[in-house]
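The values are calculated or read from the model by the stated rules, or taken from the named source; none is laboratory data. Nothing here was measured: the structure is a model prediction, and the numbers come from that model. FYI the Cβ positions are ideal-geometry reconstructions off the backbone, even for glycines, and counts take in every protein chain you see. Surface areas here come from the heavy atoms of the whole protein model, side chains and all, with no ligands, DNA or RNA. Shrake-Rupley method; radii C 1.70, N 1.55, O 1.52, S 1.80 Å.
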Amino acid sequence: MSKRDLKAELKHLYRPSAKEVVEVEVPPMRFLMIDGQGDPNTSPWYAEAVEALFSVSYKTKFSVKRGPQGIDYTVMPLEGLWWADDLSVFGGEDRTQWKWTMMIMQPDVVDDAVVHAAIAEVRRAKGLPALEALRLEAFSEGRCAQTLHVGPFSEEGPTIGRVHDFIAARGALAGKHHEIYLSDIRRGDPSRWKTVIRQPMC
């Protein structure tokens, strides 16, 4: 059996330094995705979406490990795209109008058939309502700026500002605000949470 550490393979994308903002070229990758709207701290749909994403991602991992491919790989972290139709709402305290896509990257050994089988198995075992909204989709960001934020989400503002300033000196903002959650927020000190802050640019 072969093993793959996807975070190590994509170190420049998933293990950035907190000391500087850097420019990266993000290649097309495939993600399990679910869309939603509302405050992630209070929205039942957000919690259901995250549960469905991880349940299917782990079921897929074990299917590939036990299957003819015989490949064991690390399940990738939760990621989120965030935006709002009214950008002033997105920057304020009213999170009910926030829109989001939560997603988990899947390795190239995972095809549609494996994902569909995994969804069916999770549906039989758990019957999660968000499974019906789950999709596997290619996503490409291209040229981006990113850095690592260490600390609670409520203190991301200055880090996001650094990323935007970096882009303003080299081009313009493009696409959606992107966060990659490297820490399990159910455990550990919020002051040590690690989040990749990424923003496409042109």
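Heavy atoms only, probe 1.4 angstrom, no DNA, RNA or ligands counted: give me ARG95, ARG162, ARG187 ranked by accessible area, highest first.
Output order, biggest surface exposure first: ARG187, ARG162, ARG95.
Can you tell me the mean projection area, over all orientations, of the convex hull of the stretch 63-156's alpha carbons? Units nm², please.
9.0
Using the Cα gyration tensor of the stretch 123-178, with a ≥ b ≥ c the square roots of its eigenvalues, what is the shape: rounded (a/c below 1.5), prolate (a/b larger than b/c) or oblate (neither)?
Oblate, since a/c reaches 1.5 and b/c is not below a/b.
Under 20 Å from a point placed 7 Å out from the Cα of ASP86 along the Cα-to-Cβ direction: which residues of the stretch 158-182 have their backbone N that close?
177
Kindly provide the helix-only [θ] at 222 nm of the chain, computed as the sum of -39,500 (n - 2.57) over DSSP H runs of four or more divided by all residues, to the nearest 500 deg cm²/dmol?
Per the formula, -9000 deg cm²/dmol.
Give the accessible area for TRP45 in Å² (nearest 10); use a 1.4 Å probe, count only protein heavy atoms, and leave out ligands, DNA and RNA.
Counting only protein heavy atoms, the figure is 80 Å².
What FRET efficiency comes out for the pair LYS176/MET1, r = Cβ-Cβ distance, R0 = 30 Å, nearest 0.05?
0.20
Classify the stretch 103-199 as rounded, prolate or oblate, taking a ≥ b ≥ c as the square roots of the eigenvalues of its Cα gyration tensor: rounded when a/c is under 1.5, otherwise prolate if a/b is larger than b/c and oblate if not.
Here the stretch 103-199 falls in the oblate category.
With every protein chain in place, what's the accessible area of PHE62 (1.4 Å probe, Å², nearest 10)?
80
Using a 1.4 Å probe, what is the accessible area per residue for the stretch 104-154, in Å²?
With all protein chains present, the stretch 104-154 gives 46 Å² per residue.
Roughly speaking, what % of Cα-Cα pairs in the chain are separated by over 27 Å, rounded to a whole number?
Taking all Cα-Cα pairs of the chain, the fraction more than 27 Å apart is 32 percent.
Considering only protein heavy atoms and a probe of 1.4 Å, how much of the accessible area of the chain is carbon and sulfur, as a whole percent?
On the chain, the fraction of accessible area on carbon and sulfur atoms equals 53 percent.
Can you give me the angle between helix 44-66 and the longest principal axis of the chain, using Cα atoms only, in degrees from 0 to 90, rounded to the nearest 10?
50
Once a ≥ b ≥ c are taken as the square roots of the eigenvalues of the Cα gyration tensor of the stretch 1-111, is the result rounded (a/c under 1.5), prolate (a/b larger than b/c) or oblate (a/b not larger than b/c)?
Cα axes put the stretch 1-111 in the oblate bin.
If R₀ is 22 angstrom, what is the calculated FRET efficiency for the pair VAL22 and GLU156, using the beta carbon separation as r and rounding to 0.05?
0.80
Report LYS59's accessible area, 1.4 Å probe, all protein chains in place, as a number in Å² to the nearest 10.
60
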